Each structure stands twice: as C-alpha cells, then as structure tokens.
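The values are calculated or read from the model by the stated rules, or taken from the named source; none is laboratory data. As the structure is a computational prediction, the values presented were derived from the model and not from experiment. Virtual Cβ from ideal backbone geometry, glycine too; neighbours counted across all protein chains shown.
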Amino acid sequence: MSALGRGFGASKVILLGEHAVVHGQPALAAALDVGVRVTATPGGGPRLAVSAWDVTAKPGDDGTDLERAMARLFECAGERAQGATIEVEVQVPGRAGMGSSAALSVAVIRALAELDGEALTADEVERRAGLAEEVFHGRASGIDAAVATRGGALWFRRGEPPTSIQFDPMSIVVAQVEPRVPTREMVAKVGAAHDANPGVVQPLFERIGGLVEGGRDALQRGELEALGEVMNENHLLLAELGVSTPGLDGACAAAMKAGALGAKLTGAGGGGCMIALAPGDEEAVTAALVERSIWVKAARLGGG
Ligand code: PMV
C-alpha cells in the first residue's frame with residue numbers, strides 16, 4: 001500500500017474513419033501522451049477536485065454526471081480508497097471529442113488501486129472505466145476507454161474487439177478550433193442523410209473505409225507522406241458528408257500551408273477538433289493554428 005496513489009489516463013484522437021465507423025466501416029484511433037493525471041490521498045473524502053474546470057465533486061448516486069460516474073469507480077475500489085481525496089490535473093480540453101472523461105476515469109481507477117495496493121489488469125481498468133463512461137455518454141462504444149487504458153493505436157470495427165496497431169510513436173498537432181456540437185447530434189445528422197440518400201452516402205462510407213485500411217498500412221510502415229494524403233482525402237469525404245465547418249476547413253488549409261503532410265477534422269465534427277501530421281514542422285504548424293484555435297498542442301501520438 002502507498003501513502004499516495006497516482007494515475008494517468010490518455011486522451012485520444014480518431015486518426016481516420018469517424019462517422020463511417022457507425023455504419024460498419026473500420027476506424028483508427030490513437031492515444032496521446034497528454035490526458036488526465038490524478039493524485040489520490042487517503043482521508044478527507046470521497047472528494048474530487050478538478051481545478052482546471054473549477055469543479056469540486058462529492059461522488060454519490062444522486063449527484064451530477066461526474067459525481068455519479070466517480071461513485072461507480074469508488075464502489076469498485078478497495079476499503080482504503082473509500083474516503084480518498086483526489087486532485088485532478090487535466091491536460092486537454094473537456095467536451096472536445098478528445099476522450100477526457102475516459103482519461104479521467106482511467107486515471108482515477110489507477111490511483112485508487114495504487115492506494116489500495118491492488119494490481120489491476122488492463123482488462124479490469126477498461127471494464128471499470130466503461131462503467132463510468134455509461135454515466136457520461138449513455139451507451140458508449142468503449143473506444144475511448146480502450147485507448148485511455150491501453151495507449152498506442154487501435155483498429156476498430158463495430159461489434160468486434162479493437163486490435164492494437166504497431167507503429168513508431170510520432171508527434172501530431174491537435175487543435176480545438178471551435179466549441180463542439182454533441183456527437184449524438186452529428187451522428188443523427190449523418191444517419192438522416194444516409195436514410196434520405198443511401199445511393200450517395202453509402203459510397204462515401206465505403207470510400208472512407210478503404211482509406212482507413214490504406215492509412216493503417218501506411219502508419220505501420222512509417223510512410224508518413226502516404227498517411228498524410230489519406231488524412232486529407234478523409235477530410236474531404238467528411239466535408240462531403242456535411243460534418244466539416246468553414247473553421248475546420250480553414251484550420252486544415254492553414255496547417256497544410258505551414259508544412260503539414262496531412263490534416264483533417266477528428267471526431268464528430270460540426271466544430272471541435274482537427275489534427276495535423278507535421279513531423280519536424282510542428283512549431284510552424286502550431287503557430288499557424290494558434291489564432292484560429294481555442295486550444296492547440298503538438299502531442300505525442302501513441303503515448304499513454
Ligand atoms: O466525438 P468523438 O471524438 O468521441 O468521436 C465520435 C466518432 C463518431 O464516429 C462520429 C461517432 C462514434 O460513435 O463512432
């Protein structure tokens with residue numbers, strides 16, 4: 001048992017395949033080396049303080065989403081962790097599509113387990129994080145919890161367990177360009193477009209699925225120019241699906257002008273985040289995005 005429990009959970013980006021994945025195509029997601037760090041100390045709680053969000057939470061079954069989610073994690077933890085006080089350091093924006101809630105859950109699970117001297121398997125960390133994700137997101141796909149727990153890059157297809165993709169970790173520039181529209185709304189919008197016009201929208205999904213396969217192979221081989229091209233094509237197809245915005249398009253164009261090999265929106269779109277692959281040119285690309293973004297950072301892809 002330790003006097004302090006510490007834990008980290010990785011945030012994530014979707015590299016390729018968002019939206020089409022909801023309709024049966026594959027997608028590729030990867031962890032970042034930034035996420036959520038927590039420190040748990042025995043006593044004074046259960047209590048959780050997130051100074052970046054100006055939030056203090058008292059885990060319990062009839063509180064806010066955060067409080068109910070954290071109550072589920074405390075229920076799984078051992079005796080010594082029950083009254084713990086948790087300090088949270090959030091390194092990524094919340095509600096931006098970067099998986100900050102799963103990162104928080106994984107960090108808390110690990111810190112409480114350390115306090116209890118409990119060695120958890122990755123499967124168990126992921127299972128517990130899934131319980132909290134149900135509170136945050138309803139029926140979540142589980143990808144955020146899987147990436148936050150395992151790090152690296154994951155290939156996933158609906159209804160199948162995600163598989164790990166081997167690659168050399170690299171840097172990626174991530175920018176939150178605009179406030180985001182809830183994922184649920186964007187998924188409904190694309191679903192309605194598919195229902196109204198399957199002859200146009202289904203081929204777009206299939207083209208995205210084809211790109212994801214090519215992108216995975218390029219990532220595994222370290223062929224970054226090819227990966228960048230695939231990202232650009234994926235962005236254009238997402239724009240055709242109607243989920244990009246002038247702000248996201250402008251940020252992608254600015255990143256390309258500043259030397260990126262590829263750039264695309266990431267996640268549900270309608271605002272939110274974009275990513276730019278710019279090995280060696282991160283500084284120039286970050287500088288080009290600063291004025292257009294709420295938050296921007298060159299992070300390490302695959303960290304976690
Ligand atoms: O908002 P995010 O980053 O969690 O991504 C949503 C990805 C979608 O494909 C649009 C939805 C989904 O459930 O896969």
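Annotations
- Residue match in the stretch 148-163 (condition: under 19 Å from Cys76 (Cα atoms) and among the hydroxyl-bearing types (Ser, Thr, Tyr)): yes
- If you go through the stretch 1-21 and keep only what is in contact with a strand residue (DSSP E or B) (Cβ under 8 Å, 6 or more places away or on another chain), of a type in the set (A, V, I, L, M, F, W, C) and away from the ligand (no atom under 16 Å from the Cβ), you end up with Ala3, Leu4, Phe8.
- Any hit, the stretch 106-128, residues being surrounded by fewer than 19 Cβ atoms within 10 Å (Cβ to Cβ), under 19 Å from the mean Cα position of the chain (by Cα) and among the charged types (D, E, K, R): yes
- In the stretch 67-83 there is no residue that is closer than 21 Å to Leu115 by Cα and part of a strand (DSSP E or B).
- Among the residues of the stretch 76-130, not one is among the acidic types (Asp, Glu) and within 14 Å of the ligand (Cβ to nearest atom).
- Residue match in the stretch 286-293 (condition: on the phi < 0 side of the Ramachandran plot, outside any loop (DSSP other than H, G, I, E, B), of a type outside the set (Phe, Trp, Tyr) and within 18 Å of the chain's Cα centre (by Cα)): no
- Filtered residues of the stretch 142-154 (kept if within 16 Å of the ligand (Cβ to nearest atom), surrounded by fewer than 21 Cβ atoms within 10 Å (Cβ to Cβ) and in contact (Cβ under 8 Å) with a residue 24 or more places away in the chain): Ile143
- Any hit, the stretch 192-199, residues being within 14 Å of the ligand (Cβ to nearest atom) and either basic (Lys, Arg) or at pLDDT below 95 (or both): no
- Of all residues making up the stretch 75-106, the number that are closer than 28 Å to Arg184 by Cα and without any contact (Cβ under 8 Å) to a residue 60 or more places away in the chain: 5
- Within the set Ala268, Ala299, Ala276, the sole residue that is in contact (Cβ under 8 Å) with a residue 60 or more places away in the chain, under 18 Å from the mean Cα position of the chain (by Cα) and in a loop (DSSP other than H, G, I, E, B) turns out to be Ala268.
- When residues of the stretch 22-46 are limited to those that are of a type in the set (Val, Ile, Thr) and surrounded by fewer than 24 Cβ atoms within 10 Å (Cβ to Cβ), the one farthest from the ligand (Cβ to nearest atom): Thr41
- Residue match in the stretch 174-190 (condition: within 13 Å of the ligand (Cβ to nearest atom), in contact with a strand residue (DSSP E or B) (Cβ under 8 Å, 6 or more places away or on another chain) and under 15 Å from Ala276 (Cβ atoms)): yes
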